[in-house]
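**Student:** To start, I am sharing the structure in question, which I have written as C-alpha cells.
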Amino acid sequence: MGTISTVKLPVESFTSAGNDIAGQLMMIGGQIRAPLVVPLLRMLMYVSLAMSIMLFMEKVYMALVVAFKKLFGKKTEKRYKWESFKDDIELGNSAYPLVLVQVPMFNEREVYQLSIGAACGLSWPSDRIVIQVLDDSTDPVIKGMVQMECEKWANKGINIHYQVRDNRKGYKAGALKEGLKHRYANECEYVVIFDADFQPEPDFLWKTIPFLHHNSELGLVQARWKFANSNECLMTRMQEMSLDYHFKVEQESGSSTHAFFGFNGTAGVWRMIALNEAGGWKDRTTVEDMDLAVRASLRGWKFLYLGSVKVKNELPSSFKAYRYQQHRWSCGPANLFRKMVFEIMTNKRVTLWKKIHVIYSFFFVRKVVAHIVTFVFYCVVIPATVMVPEVMVPKWGTVYIPTIITLLNAVGTPRSIHLLVFWILFENVMSLHRTKATLIGLFEAQRVNEWVVTEKHGDAFKAKPTTKQHKKLGFKLSERLLVLELSVGLMLFVCASYDLAFGKYRYYIYLYLQAAAFVIVGLGYIGTEVPNT
C-alpha cells in the first residue's frame with residue numbers, strides 16, 4: 001500500500017490570504033464610497049430634512065390653530081346652532097328624528113354584551129330608535145351568544161335587529177352597507193356607528209343629534225374616544241399619547257378650519273342623506289371610514305368634531321393586535337390617497353384651499369411623509385452617517401425640530417410627559433411597520449387589502465388582577481421573535497458601538513437606546529400576555 005503524504009501549510013499563509021481579502025474589500029469599499037455611497041446618503045439626508053420641515057410646519061400650524069381657538073376664539077361647536085328637542089303634544093314622538101344605531105362585530109366574545117348593552121341603553125324615545133347588530137362572526141358558538149343577547153334586549157321592549165349574512169365580502173364596510181339595505185334602516189334620518197368595544201354614555205344622542213338636526217350643512221358629528229384600559233401596560237400608555245394628540249389637535253384643527261377631518265369609523269353620527277350622496281360604503285381600501293369622509297366632503301358636506309363628548313373604548317394591549325391595526329391604519333390611507341388624488345384635484349364643488357388641505361396636509365404630510373421620515377431619518381440616515389462621516393446632518397435637523405415635534409405631541413397627554421423618551425423609542429420602532437405598510441398602500445403591493453379584526457379583551461384582565469397570565473409553552477417561534485426588528489436593532493447596535501469607538505457625533509447614546517427598543521420588541525417583551533379563554 002502506498003502512503004499518503006500530507007503537506008503542512010504555514011499559518012502565516014492563511015493570515016496573509018485573509019489580510020489580502022480584507023484589504024481588497026476595503027479597497028473596493030473605498031472606491032465606491034466617494035462616487036456612490038456618499039452622494040446617495042447625502043441625497044437621502046436632504047430628502048429627509050425636507051420631509052422633517054414639512055412635518056414640523058404642519059405640526060406647528062395645527063398647534064397654533066388649536067391654541068388660537070382656545071385663547072381667543074369660541075369653541076367650534078359654538079359656531080353651529082344647538083337646541084334641545086322639545087316635546088310637542090300634537091306631533092308626539094314624531095317630533096324626534098328616527099335614529100339607526102349600527103353595531104358591527106366579528107367573533108367579539110369578550111365585548112359583545114358590553115357593546116350591545118351600551119347601545120340598547122341609549123336614551124331616546126323608544127319608538128324613534130332602532131338598534132342593528134351586524135354579526136359577521138364565523139364561530140357558531142359566539143354567533144349564538146350574540147343572537148341570544150339581542151333576543152334578551154328585544155324581550156325588554158328594545159327595537160333591536162340581529163342581522164347576519166352568508167359571506168364577509170367587504171368586511172366592516174360590507175356589513176354596514178348590507179345593513180342599510182333593510183327597509184327599516186332606509187326610514188331613518190341619522191345613523192350612528194359604534195364598534196364592538198365602544199360603550200357610549202346614555203345621553204350620547206341628546207348631545208350629538210341636535211347639531212345635525214338644526215344645521216342642514218352638517219353631514220357628520222364625530223365624538224372623541226376615551227380609553228378604558230390606557231393604564232393596562234406601557235404600550236397602551238404610548239397609544240394613548242398618540243391618539244390623544246390625534247383627537248385634541250388633528251381632529252380639532254380640521255374641524256375648526258376646514259370643517260373636514262377623517263371619520264374615525266366609530267362613535268360618530270352620519271346624516272343618512274350625506275352618506276347616500278357620497279355613494280355609501282365602499283370596500284376598495286381598508287379605511288372605509290376615511291374613504292366615506294373624503295367623498296362626503298367633496299360633495300360639500302361639513303363635519304363637526306365634539307371633543308366634549310367622549311365614548312369609552314379599548315386599546316389593543318397585545319403587540320400582535322396593535323401591529324395588525326397599525327398596518328391597516330397606515331396602508332389604507334396611502335392606498336386611498338393613490339385612488340382619490342386625481343378625483344380631489346378635479347373636483348369643482350370645494351374650494352382650492354380645501355383641496356390643498358386634503359391632498360397636502362391630510363394625506364401627503366400626515367399619512368405618507370410622517371411615517372416614512374420617522375423611520376428613514378432616525379433609523380437609517382442618522383445611524384448611517386456614523387459610518388460615513390463625510391455626510392453631516394445639521395444640528396437643527398437632529399435636535400431642534402425633533403424636540404419641538406415631540407413637545408407638541410406631548411401636549412395631548414400631559415399626565416404622560418415623563419414617558420416621552422419611551423414614546424419616542426416606541427414610535428420609531430412602529431415607524432418600521434408604518435413605513436412598510438405605507439409603501440404597500442402607495443404601490444398596491446401584496447397585503448394591501450389585508451384586514452385583521454383588532455383583538456379585544458373586554459373585562460378579561462379585570463377578573464383576576466393579581467393573577468399573572470402566561471402563554472402556552474407551545475407557541476410558534478415566529479410569533480414571538482420578530483426578525484425584522486431584531487435585524488434593525490443589531491444594525492443600530494453596531495452603529496452605536498462604532499460611534500462610541502471612532503465616531504465624532506456622539507449619537508451612540510440615542511443609538512444604543514433605540515437598538516434596545518428594537519430588540520425588546522423583536523423578542524416579544526412588550527404589551528400584555530393574553531389570558532386563555
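The values are calculated or read from the model by the stated rules, or taken from the named source; none is laboratory data. Small disclaimer: the values here were computed from a predicted structure and weren't measured. Note that each Cβ is placed from the backbone with ideal geometry, even for glycine, and that neighbours are counted across all protein chains shown. Each accessible area value is taken on the protein alone, full model and side chains, heavy atoms only, with ligands, DNA and RNA left out. Shrake-Rupley method; radii C 1.70, N 1.55, O 1.52, S 1.80 Å.
**Student:** Grab the alpha carbons of segment 353-413, take their convex hull, and tell me the volume per residue in Å³.
**Tutor:** Convex hull volume per residue, Cα atoms: 117 Å³.
**Student:** A further question follows. Calculate the FRET efficiency for residue 443 and residue 154 from the Cβ-Cβ distance with a Förster distance of 56 Å, rounded to the nearest 0.05.
**Tutor:** Given R0 = 56 Å and the Cβ-Cβ separation, E is 0.70.
**Student:** Which lysines, if any, have their Cα less than 16 Å from the Cα of residue 354, not counting same-chain residues under 8 positions apart?
**Tutor:** 302
**Student:** Any idea what diffusion coefficient segment 66-157 gets from Stokes-Einstein, in µm²/s, Kirkwood Rh on alpha carbon pairs, 10 °C, 1.306 mPa s?
**Tutor:** Rounded, D is 97 µm²/s.
**Student:** So with the 1.4 Å probe, I'd like the accessible area per residue for segment 285-401, rounded to whole Å².
**Tutor:** Values: 4230 Å² over 117 residues.
With all protein chains present, segment 285-401 gives 36 Å² per residue.
**Student:** Rank these by accessible area, largest first, 1.4 Å probe: 430, 387.
**Tutor:** Correct descending sequence by accessible area is 387, 430.
**Student:** Separate question: Report for the chain the percent antiparallel among DSSP-assigned beta bridges with both residues inside it, nearest 5. Before the final figure, lay out each step's value.
**Tutor:** Values: 9 of 34 bridges.
Approximately 25 percent, going by the DSSP bridge assignments.
**Student:** Restricting everything to alpha-carbon atoms, can you work out Rg to Rh for segment 159-205 with a Kirkwood hydrodynamic radius?
**Tutor:** Radius of gyration over Kirkwood radius for segment 159-205 works out to 0.98.
**Student:** Hey, could you get me the Stokes-Einstein D for segment 298-446, Kirkwood radius over alpha-carbon pairs, 10 °C and 1.306 mPa s, rounded to whole µm² s⁻¹? Write down the numbers at each step before the final one.
**Tutor:** Numbers: Rh = 18.0 Å.
Diffusion coefficient, whole number: 88 µm²/s.
**Student:** Given a 1.4 Å probe and the protein chains all in place, what does the accessible area of residue 189 round to, in Å² to the nearest 10?
**Tutor:** 80
**Student:** A further question on this structure: Just to be sure I understand the model, the point goes 7 Å from the Cα along the line to the Cβ. What's the resulting residue 90 to residue 46 distance in nm?
**Tutor:** Taking the simple label geometry, residue 90 and residue 46 are separated by 7.4 nm.
**Student:** Right, another one. What is the distance, in nm, between label points placed 7 Å from the Cα along the Cα-to-Cβ direction at residue 123 and at residue 187?
**Tutor:** Inter-label distance under the simple model: 2.6 nm.
**Student:** Okay, moving on. Which whole-number value in Å² is the accessible area per residue of segment 95-139, probe 1.4 Å? Mind dumping the intermediate values first?
**Tutor:** Numbers: 1180 Å² over 45 residues.
Roughly 26 Å² per residue, with all protein chains present.
**Student:** What does the extension gain come out to for residue 164 and residue 299, with contour length at 0.36 nm per residue minus their alpha carbon separation?
**Tutor:** Value of the extension gain: 45.5 nm.
**Student:** Place the peptides 242-253, 410-421 in order of packing, highest mean first, counting for every residue the other Cβ atoms within 10 Å and averaging per peptide.
**Tutor:** Descending mean neighbour count gives 242-253, 410-421.
**Student:** Just to make sure I understand: if all protein chains stay in place, what is the order of 485, 444 by accessible area at 1.4 Å, largest first?
**Tutor:** If we order 485, 444 from most to least accessible, we get 444, 485.
**Student:** From largest accessible area down, sort 345, 54; use a 1.4 Å probe on the protein chains. All intermediate terms of the calculation are to be shown ahead of the outcome.
**Tutor:** Numbers: 345 115, 54 40 Å².
Solvent-accessible surface, decreasing: 345, 54.
**Student:** In addition: When the Kirkwood radius is taken over all Cα pairs of the chain, what Stokes-Einstein diffusion coefficient follows at 20 °C and 1.002 mPa s, in µm²/s?
**Tutor:** So the translational diffusion coefficient is about 83 µm²/s.
**Student:** Just tell me which lysines come within less than 22 Å, Cα to Cα, of residue 156; anything on the same chain fewer than 8 places away is out.
**Tutor:** 143
**Student:** Can I ask one more? What is the packing order of peptides 190-203, 150-163, taking the mean over residues of other C-beta atoms within 10 Å and listing the highest first?
**Tutor:** In decreasing order of mean packing, 190-203, 150-163 become 190-203, 150-163.
**Student:** Can you compute the FRET efficiency between residue 242 and residue 33 using 1/(1 + (r/R0)^6), with r the Cβ-Cβ distance and R0 = 35 Å? Round to the nearest 0.05.
**Tutor:** 0.35
**Student:** Now for a separate question. Using only the Cα atoms of segment 248-341, build the gyration tensor, take square roots of its eigenvalues as a ≥ b ≥ c, and label the shape rounded, prolate or oblate: rounded if a/c is under 1.5, else prolate if a/b is larger than b/c, else oblate.
**Tutor:** Since a/c reaches 1.5 but b/c is at least a/b, the shape of segment 248-341 is classed as oblate.
**Student:** To continue, here is another question. For segment 235-302 and segment 173-206, what is the centre-to-centre distance using only Cα atoms, to the nearest Å?
**Tutor:** Cα centres, segment 235-302 to segment 173-206: 16 Å.
**Student:** With r defined as the distance between the Cβ atoms of residue 487 and residue 284 and R0 fixed at 30 Å, what FRET efficiency is calculated, to the nearest 0.05?
**Tutor:** 0.35
**Student:** With only Lys, Arg, Asp and Glu charged, each at its Cβ (+1 for the first two, -1 for the last two), find how big the charge dipole of the chain is about the Cα centre; round to the nearest 20 debye.
**Tutor:** Around 900 debye, computed over the chain.
**Student:** Within the accessible area of the chain, what % is carbon and sulfur when the probe is 1.4 Å and the other protein chains stay in place?
**Tutor:** Numbers: 16040 of 26180 Å².
Here carbon and sulfur together make up 61 percent of the probe-accessible area.
**Student:** Same structure again: Residue separation times 0.36 nm, minus the C-alpha to C-alpha distance between residue 83 and residue 523: what's the value?
**Tutor:** Contour length minus the Cα-Cα distance gives 152.9 nm.
**Student:** Next up: 7 Å from Cα along Cα→Cβ at both residue 351 and residue 61: what's the point-to-point distance in nm?
**Tutor:** 1.4
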